[in-house]
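Below: one structure, written as structure tokens.
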Amino acid sequence: MSRFFTTGSDSESESSLSGEELVTKPVSGNYGKQPLLLSEDEEDTKRVVRSAKDKRFEELTNLIRTIRNAMKIRDVTKCLEEFELLGKAYGKAKSIVDKEGVPRFYIRILADLEDYLNELWEDKEGKKKMNKNNAKALSTLRQKIRKYNRDFESHITNYKQNPEQSADEDAEKNEEDSEGSSDEDEDEDGVGNTTFLKKKQESSGESRKFHKKMEDDDEDSEDSEDEEWDTSSTSSDSDSEEEEGKQTVLASKFLKKAPTTEEDKKAAEKKREDKAKKKHDRKSKRLDEEEEDNEGGEWERVRGGVPLVKEKPKMFAKGTEITHAVVIKKLNEILQVRGKKGTDRATQIELLQLLVQIAAENNLGVGVIVKIKFNIIASLYDYNPNLATYMKPEMWQMCLDCINELMDTLVAHSNIFVGENILEESENLHNFDQPLRVRGCILTLVERMDEEFTKIMQNTDPHSQEYVEHLKDEAQVCAIIERVQRYLEEKGTTEEICQIYLRRILHTYYKFDYKAHQRQLTPPEGSSKSEQDQAENEGEDSAVLMERLCKYIYAKDRTDRIRTCAILCHIYHHALHSRWYQARDLMLMSHLQDNIQHADPPVQILYNRTMVQLGICAFRQGLTKDAHNALLDIQSSGRAKELLGQGLLLRSLQERNQEQEKVERRRQVPFHLHINLELLECVYLVSAMLLEIPYMAAHESDARRRMISKQFHHQLRVGERQPLLGPPESMREHVVAASKAMKMGDWKTCHSFIINEKMNGKVWDLFPEADKVRTMLVRKIQEESLRTYLFTYSSVYDSISMETLSDMFELDLPTVHSIISKMIINEELMASLDQPTQTVVMHRTEPTAQQNLALQLAEKLGSLVENNERVFDHKQGTYGGYFRDQKDGYRKNEGYMRRGGYRQQQSQTAY
């Protein structure tokens, strides 16, 4: 039907179309190209009539909907993109907004978006979890929305004061829009507004009939239907009244009409009684059904979302003959539910233990028992589904007992062979004429046990008594590893022996062998020979044990990782027991430092620990230069704690997310393996002091002086910046104060700062042979102070007696003679020794301070002229002149050092 047949005056249609835009669907003029025949309804041109206001507001609404969806999923990047589009769309609708006013829904999204961004900004934990794009978008969008909302401050304030009113207004607008759209749909079908009103009045009679028909249904639906149909009848009455032109009060149209006659009152009362009766009948019927159900058994109320605890399955039916096949079948049934959701792991372990008892009672043989025990231990390891969680104490003790029982069985029955390469089809569990074959790997169980022990120690507070109690279990772990080692030495392959040897090494390399250390010392005179023999026969020295295990791995291992770990543990053990030269030679011969960066992180942590222990060992031997070189890489990074696997440094989430942090925490070394970081830093700083202070004194005015230790210089600068210098408190302050004293040649003050009660308690008493270390330190301080004194004050003396130096620094004459001779040979000191008078005669060939400054100025001017010549010749296209021909000669004649005379370039770094 055509849309022009609708009722209504021409003026009404013209007014409804004024200010609106007709959007026509283009129809192709070439009808011969249409592949399908259209029906009569489809042949009519469909026209959508929409105002400019509707178009603009619909665009804004769609963008707002997208923003709200992005807010729900915390996609701030999407919010930023859509907000920029929203601002552009609002700019296009500016002319309409000026006429109609700012729409409420636009004010609401601005207010809600600002509140949402403020919540995100205040949520510190949520901001840390955001990815980089969302975090950047959050700060950008927060600035933009605050700037943008300044233009709408009054509207937003009104909205926040009465948000419900604005919500009601929007709801009314949405209803009007939906009514308008339904009217437009009707217009498309050719039915006008007035015609629809007339038809609505006709349909009211049918609705009343339908209402009477539905009265016998459920009472819940009846109440709602009464309300709906009563309102529809009243609305139809109001429509007819509008046509007749009657004016009534708006509220009276929507009120229910009270019953007027007595018959209506009785009918309504009877209707209410019928409803109440039906409701009572249904309730009593439901109670009867519940009572019948309760007769069958007791019901238990459970919480939603919690899996029901399943009953334990019966092991065997009554009268079943217990055979190998029946037990293996039951074992497979128990294992099939392993890992499924809702499976009670504790119950599964109990069933397997019960199955072991049944197999033992019925004498089914050792093979079946060993197979079930393998599965019990595997179930104990799987008890915790999460990889990061550690075993409970009772489960851990049960695991140790099960492994010991399994080892007892395997050792007692030598005819049992276990291995991963044995297939289940080729197992022999009950034929005792042939060797019993069981699928399972004892080495895997022991490695997993060792990992669980490490996990328990990582997750226990190291400063609690609980940690000490757990640490006592290491004796049991080591005993099990030794038993498995002896078992595999008899029946295992070379690869398995190498793996179990590595486990034994990892539990031995970090322990200081006090018994062997005591044996090395001279035994007391009062001890009898029997006591000495008993001490010697107590056990194998850890050094001999490590040597035997590591050499087997060096010879037999085919994997680089096991051999690398064995070498590092061997070096660590040598260094721990002050065998410096063996440790150094093994490190240099292995060439591990060349390719250690390609190893996995646990091996790199072990390498760092070994280098640190090597440096501490060199320091104990008095080799300060070797100690400094070994500790330089770890200490200069500023991440010694992290590199040694002893903790994590605080980092932002952009550098390390939560998953990476969990992985790194699992790599941490247990507390009883830690190396004291304060001791490590003190050893490094004291070594740097003994090297750096004499070097600084020797090259005081040298412009090209290099730094030996940046960290040591940093501590010196920190000490110089302090406005008030009090007595030193921390270890670093003690080292800085000692450095200043050594720089002046005052070795006694330096000695008092380095070795005192506070430093003894913090550092020096932690060494195994503390007195030896302190004696070595005093000697090194005296020697380096002597060198510093000669460097600093040699320009003051014409000659100085070696006896005077010996008394001043409390060193014997041969030592003083040796130190001065080395300095003269290395051209560090321009002097000569007068042997008859035992004096040092200064040559005074070194430049003075003024001459040194003049040399530096000449060098800088020469480089400036050379650069200027290069720039000029580069523009001219040629390069030549004085500096090209005589540059080498000019450069070679600059070699006057701080302590006088010309010396070769190679000897500049002699010390």
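The values are calculated or read from the model by the stated rules, or taken from the named source; none is laboratory data. Everything quoted here is computed from the prediction, not taken from an experiment. Cβ atoms come from the backbone with ideal geometry, glycine included; neighbour counts cover every protein chain shown. When the accessible area is computed, the model is the full protein with side chains, heavy atoms only, and any ligands, DNA or RNA have been set aside. Shrake-Rupley method; radii C 1.70, N 1.55, O 1.52, S 1.80 Å.
For this structure, a couple of remarks:
- Residues (touching a residue at least 24 places away in the same chain (Cβ under 8 Å) and surrounded by fewer than 18 Cβ atoms within 10 Å (Cβ to Cβ)) located in region 740-753: Met744, Asp746
- Every condition in (1) open to solvent by 80 Å² or more (accessible area, probe 1.4 Å); (2) modelled with pLDDT under 65; (3) not aliphatic (A, V, I, L, M) holds for Tyr890 except the one numbered (1).
- Identity of the residue in region 790-808, open to solvent by 30 Å² or more (accessible area, probe 1.4 Å) and touching a residue at least 24 places away in the same chain (Cβ under 8 Å), that ends up nearest to Ser832 (Cα to Cα): Ser799
- On inspection, Glu827 qualifies as open to solvent by 50 Å² or more (accessible area, probe 1.4 Å) and either at negative phi or assigned to a loop (DSSP other than H, G, I, E, B) (or both).
- Residues that are at pLDDT below 90 and touching a Leu at 6+ places or on another chain (Cβ under 7 Å) number at least 3 in the following helices (runs of 4 or more DSSP H) confined to region 747-818: 802-809.
Residue-wise test of (1) under 20 Å from Ile497 (Cα atoms); (2) of a type in the set (Lys, Arg); (3) crowded, with 17+ Cβ neighbours inside 10 Å.
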residue	(1), (2), (3)
Glu424	no, no, no
Val438	yes, no, yes
Ile456	no, no, yes
Asp461	no, no, no
Gln465	no, no, no
Leu471	no, no, yes
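- Region 835-861 - residue that is open to solvent by less than 50 Å² (accessible area, probe 1.4 Å), part of a helix (DSSP H, G or I) and at pLDDT below 85 and, of those, nearest to His817 (Cα to Cα): Asn852
- One residue alone among Asn332, Asn384, Asn421, Asn362 is polar (S, T, N, Q) and under 30 Å from Arg486 (Cβ atoms), and that residue is Asn421.
- Some residue of region 728-739 being touching a residue at least 40 places away in the same chain (Cβ under 8 Å), within 15 Å of Glu783 (Cα to Cα) and open to solvent by 80 Å² or more (accessible area, probe 1.4 Å): no
- Some residue of region 407-422 being open to solvent by 70 Å² or more (accessible area, probe 1.4 Å) and under 30 Å from Glu469 (Cβ atoms): yes
- Scanning region 88-116 for residues that are within 30 Å of Lys132 (Cα to Cα) and loosely packed, with under 13 Cβ neighbours inside 10 Å returns Lys88, Asp115.
- Pairs where the first residue, in region 445-461, is assigned by the TED database to the domain that holds Tyr381 and the second is charged (D, E, K, R) and surrounded by fewer than 17 Cβ atoms within 10 Å (Cβ to Cβ), C-beta under 6 Å, 6+ apart: Thr460/Glu466
- Meets criteria (within 23 Å of Arg666 (Cβ to Cβ) and either open to solvent by less than 40 Å² (accessible area, probe 1.4 Å) or in a helix (DSSP H, G or I) (or both)) for Leu354: no
- Residue match in region 490-500 (condition: surrounded by fewer than 17 Cβ atoms within 10 Å (Cβ to Cβ), without any contact (Cβ under 8 Å) to a residue 60 or more places away in the chain and more than 24 Å from Thr389 (Cβ to Cβ)): yes
- Qualifying positions in region 628-644 - surrounded by 22 or more Cβ atoms within 10 Å (Cβ to Cβ) and touching a Lys or Arg at 6+ places or on another chain (Cβ under 8 Å): Leu644
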